[in-house]
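Single-structure report; data block below.
The values are calculated or read from the model by the stated rules, or taken from the named source; none is laboratory data. Everything numeric here is computed off the predicted structure, so don't read it as measured data. For neighbour counting, all protein chains shown are included, and Cβ atoms are generated from backbone atoms with ideal geometry for every residue, glycine included. The accessibility values were calculated without ligands, DNA or RNA, using every heavy atom of the protein model including side chains. Shrake-Rupley method; radii C 1.70, N 1.55, O 1.52, S 1.80 Å.
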Amino acid sequence: MSYTGKVLRVNLDTGDVTKEPLNQDWAEKYFGGRGLGVKYLYEELKGGIAPLTPANKLILTTGPFTGTVVPCSGRLTFAAKSPATGTMLDCSIGGRFATQLKFAGYDVLIIEGQAENPACLVINDDKVEIRDATYLWGKGIFETESQLGEELGRESGILSIGPAGEKLVSIACIGSEYYRQAARGGIGAVMGSKKLKAIVCSGSKDVTVPDMPGLLKLVKRLIWEDVLTDTNLGIYTDGSPQIVDMSNSAGVLPTRNFQDGVFEGASKINAESIRRLKPRKKACPACPLGCGNYIRIGDNAVEGPEYETLALVGSNCGVDDIEAIIKFNAECDDVGIDTISVGNVVGFAMEMTERGIKDFGIRFGDIETYLKMPRLIGCQEGMGEELSRG
Ligand code: SF4
């Protein structure tokens, strides 16, 4: 395993930065970033605290093989108490951040308290600074990331929140590399409650493993016997959109707020319709599968849309226009909200309106109003104020 043996702890109330040993016992017993993050959270969080207060913690963990060539090992996990559910949440994100954190010399980053003014945490190996980020507050994730990349280096790992996280929307996400999101459970609102606009990390240290020849032998076997298999071929060629057809033929594709499981427009939002847009393949570090599809249409670019977005933002809202789904997806990524949760909320508002229970002014398949929803919800404007509560 490639543990560095170090935890970085940052307290935004006091500005204290401490480095402490990793609890090796927990790392072995609660194997993987998710297990380790949830264990730290369980042990450190006081019972009964409100999720959007300084008492909550934002815990970022890497995996036991992050920074090595082990397939799919480059993801970063977040743990916190969720403002959406009031219980533990964990979610993960791809991209460079996890490997940069490991290269900087840390397995785990724990963020406590609340900054007085909007802040940006900058980690560069042993140098850790809390900088003022007032000039970035209010900006979308795309602009924030561009600006920080220009100032601190485009090869850094950058995590940031958009207006939704700042406004503590309970379905806000954290974005990275423009099109990747740690999305579930309102993790972006937890970061916003700490007044933490962004975290930037770059590392230059080596990651070591005790038996490199043994690891390489194992990786070779893993790649050919467990990762690049016939079963995974669909993920390799098309990514998760291949699941649209499977779900539709099994009668479980969320359709019009889950009123149905079969969508008549499924063939317009499936893997084949994505293929027609000629996506470029993208992968997390050390992943031979590369399930990501990078698509640009006019001003809108996404990495995806993933199956969950196609299903919740597409069929669940009665929308079979793939370009509209991509636009909606890109808006969510910039404003910083989770496409799965937003698709659920918008589908619910559509059904409420159609049944005459409450008029949200939006109906299934009404693309013009639908495309306004990410900003309205993420910025809590108009009818989006109520819907932003999830
Ligand atoms: S590229 Fe896809 S399969 Fe590979 S680690 Fe990233 S999310 Fe997982």
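Quick look at the numbers
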{"read-out": "Scan of the range 336-390 for residues that are in a helix (DSSP H, G or I) and over 27 Å from I174 (Cα atoms), ordered by number", "value": "E351, M352, T353, E354"}
{"read-out": "Test: residue in the range 88-98 that is away from the ligand (no atom under 16 Å from the Cβ), closer than 21 Å to V169 by Cα and touching a strand residue (DSSP E or B) at 6+ places or on another chain (Cβ under 9 Å)", "value": "yes"}
{"read-out": "Residues of the range 33-74 classified as of a type in the set (K, R), under 30 Å from N117 (Cβ atoms) and in contact (Cβ under 8 Å) with a residue 12 or more places away in the chain, total", "value": "1"}
{"read-out": "Per-region count, the range 289-307, residues under 19 Å from R75 (Cα atoms) and open to solvent by 40 Å² or more (accessible area, probe 1.4 Å)", "value": "2"}
{"read-out": "Residue under evaluation E116, criteria (1) away from the ligand (no atom under 16 Å from the Cβ); (2) over 24 Å from D333 (Cβ atoms); (3) free of Cβ contacts under 8 Å to residues at least 60 places away in the same chain, criterion not met", "value": "(3)"}
{"read-out": "Residue satisfying all of: in the range 259-269; assigned to a loop (DSSP other than H, G, I, E, B) and open to solvent by less than 70 Å² (accessible area, probe 1.4 Å); nearest to the ligand (Cβ to nearest atom) among these", "value": "I269"}
{"read-out": "Complete set of residues in the range 65-87 that are on the phi < 0 side of the Ramachandran plot and within 16 Å of the ligand (Cβ to nearest atom)", "value": "F65, T66, T68, V69, V70, P71, S73, G74, R75, L76, T77, F78"}
{"read-out": "In the range 230-257, the residues that are surrounded by 12 or more Cβ atoms within 10 Å (Cβ to Cβ), in a loop (DSSP other than H, G, I, E, B), within 16 Å of the ligand (Cβ to nearest atom) and at negative phi", "value": "N232"}
{"read-out": "Condition check for R276: basic (K, R), more than 15 Å from Q242 (Cα to Cα) and more than 19 Å from the chain's Cα centre (by Cα)", "value": "no"}
{"read-out": "Test result for S204, open to solvent by 40 Å² or more (accessible area, probe 1.4 Å), in a helix (DSSP H, G or I) and more than 16 Å from the ligand (Cβ to nearest atom)", "value": "no"}
{"read-out": "Selected residue [open to solvent by 10 Å² or more (accessible area, probe 1.4 Å), of a type in the set (D, E), farther than 24 Å from Y178 by Cβ and in a loop (DSSP other than H, G, I, E, B)] from E43, E28, E116", "value": "E116"}
{"read-out": "Residue selected from the range 284-334 under the condition at pLDDT below 85, of a type in the set (A, V, I, L, M) and touching a strand residue (DSSP E or B) at 6+ places or on another chain (Cβ under 9 Å), by the criterion farthest from the ligand (Cβ to nearest atom)", "value": "A301"}
{"read-out": "Some residue of the range 270-277 being within 16 Å of the ligand (Cβ to nearest atom) and on the phi > 0 side of the Ramachandran plot", "value": "no"}
{"read-out": "V122 vs. criteria at pLDDT 95 or above, of a type outside the set (S, T, N, Q) and not in a helix (DSSP H, G or I)", "value": "yes"}
